[in-house]
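Asks: Before I ask anything, let me first share the structure, which is written out below as structure tokens.
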Amino acid sequence: MANAAGAWADGVARLAGAKPLGLTPMRRTIILLDPPPGAEIAAWPAVIDADEEYYFKPEAGMILASPADETPSDPVDAAPDEMDIAICVDRLQNVAELPVRRVARSWAGLRTFAPDRVPVFGYDPRAEGFFWYAGQGGYGMQIAPAAARLGAALALGQPVPADILERGLVAEDVTPARFG
Ligand SMILES: Cc1cc2nc3c(=O)[nH]c(=O)nc-3n(C[C@H](O)[C@H](O)[C@H](O)COP(=O)(O)OP(=O)(O)OC[C@H]3O[C@@H](n4cnc5c(N)ncnc54)[C@H](O)[C@@H]3O)c2cc1C
């Protein structure tokens, strides 16, 4: 059985009789803002501060922004909190000349982290045939092409793909066995 249930992965493990790994779903909020009138934003860079307290970037004619929140959550259908939206707008207005007249859209989702914030790909040493593919945190989209090939190889009992190995990643880095 492969457990790729995102925020629900620990719960699915319990249902399957495996031990949860201590995965924590964290809520992350996104808002969309109208660009300043007349501004050509398509070539704007993605802007993120060193302390990761906000980021913003152009997104299909709008400005996408986040307060970079990481609020621990139960595994739920996440919704944005008004306070996180207000914090996001406040942080943006402190650093950029972005007059915010309205928040066109907002949403939130869950980014799920293992205790060491490294993804968990591999068979559970304590639950025969139970394969973990979880804990991708905030990078599951960007790592997807390599992570999917890595996960498939590990699930089939094959070696780590050579190009991934060359970059210094070994199966032990992502194994669920590291949680003792
Ligand atoms: C606001 C936000 C912004 C993000 N930005 C980025 C970004 O810029 N770049 C990036 O790389 N990543 C980003 N991420 C992170 C990325 O979305 C996650 O890392 C990725 O989605 C994790 O993939 P997953 O398949 O493990 O989990 P999920 O995408 O959550 O998929 C798990 C699926 O399992 C399903 N499921 C749960 N339980 C069961 C069950 N019992 N039976 C059947 N199905 C079940 C769920 O419904 C869900 O569809 C962002 C996440 C959020 C919330």
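Asks: Given a 1.4 angstrom probe, what's the average accessible area per residue across the chain, in square angstrom?
Replies: Values: 10080 Å² over 180 residues.
Roughly 56 Å² per residue, with all protein chains present.
Asks: Heavy atoms only, probe 1.4 Å: what % of the accessible area of region 24-112 goes to carbon and sulfur, would you let me know?
Replies: Solvent-exposed carbon and sulfur of region 24-112 make up 50 percent of the total.
Asks: I'd like the accessible area for residue 179, computed on protein heavy atoms only with a 1.4 Å probe and all protein chains in place. Round to 10 Å², please.
Replies: Number for this one is 60 Å².
Asks: How do 149, 105, 167 stack up against each other in accessible area, from largest to smallest, with a 1.4 angstrom probe?
Replies: Largest accessible area first, the list is 167, 105, 149.
Asks: Rounded to the nearest 0.05, what FRET efficiency is calculated for residue 97 and residue 76 with R0 set to 41 Å and r the Cβ-Cβ distance?
Replies: Efficiency, rounded to the nearest 0.05: 0.65.
Asks: Quick check: with the 1.4 Å probe, what order do 1, 26, 141 take by accessible area, largest first? Before the final figure, lay out each step's value.
Replies: Numbers: 1 120, 26 30, 141 175 Å².
Per-residue accessible area, sorted high to low, gives 141, 1, 26.
Asks: Sticking with this structure for a sec: For all pairs of alpha-carbon atoms in region 24-112, what percent lies in each bin of width 5 Å, listed from the first bin to the last filled one?
Replies: Computed distribution, short to long bins: 3, 14, 26, 24, 17, 10, 4, 1, 0.
Asks: Once Rh is set to the Kirkwood radius over Cα pairs, what Stokes-Einstein translational diffusion coefficient, in µm²/s, holds for region 48-93 at a temperature of 37 °C and a viscosity of 0.692 mPa s?
Replies: 280
Asks: Over the Cα atoms of region 1-40, how large are the radius of gyration and the largest Cα-Cα distance (Dmax), in Å?
Replies: Computed over the Cα atoms of region 1-40, radius of gyration and Dmax are 18.9, 58 Å.
Asks: Tally the DSSP beta bridges in the chain and give the antiparallel ones as a percent, rounded to 5.
Replies: Restricted to the chain, the bridges split so that about 95 percent are antiparallel.
Asks: As an exercise, identify the GluC sites (Glu not before Pro) in region 1-109 lying in DSSP coil whose Cβ has no more than 12 other Cβ atoms within 10 Å.
Replies: 40, 52, 97
Asks: Please list the equivalent ellipsoid semi-axes of the chain, computed as the square roots of five times the alpha-carbon gyration tensor eigenvalues, in descending order and whole angstrom.
Replies: For the chain, the ellipsoid semi-axes come out as 37, 19, 12 Å.
Asks: Residues in region 1-40 near a label at residue 128, defined as backbone nitrogen under 17 Å from the 7 Å Cα→Cβ point?
Replies: So the set is 1-2, 16-19.
Asks: Let me ask another. Please state the charge dipole magnitude for the chain, taken about the Cα centre, from unit charges on C-beta atoms (+1 on K and R, -1 on D and E), reported in debye and rounded to the nearest 20.
Replies: That gives a dipole near 460 debye.
Asks: Just by accessible area at a 1.4 angstrom probe, what is the order of 74, 116 from largest to smallest?
Replies: Details: 74 115, 116 70 Å².
Solvent-accessible surface, decreasing: 74, 116.
Asks: At 222 nm, what value in deg cm²/dmol follows for the chain if DSSP H runs of at least 4 each add -39500 (n - 2.57) and the sum is divided by all its residues, to the nearest 500? Walk me through the intermediate numbers first.
Replies: Values: 5 runs with 42 residues, N = 180.
Value at 222 nm, helices only: -6500 deg cm²/dmol.
The values are calculated or read from the model by the stated rules, or taken from the named source; none is laboratory data. Bear in mind that the values here come from a model prediction, so they are computed numbers and not experimental data. Every residue, glycine among them, receives a Cβ derived from its backbone with ideal geometry; neighbour counts consider all protein chains shown. Protein only, heavy atoms only, side chains kept; ligands, DNA and RNA dropped before computing areas. Shrake-Rupley method; radii C 1.70, N 1.55, O 1.52, S 1.80 Å.
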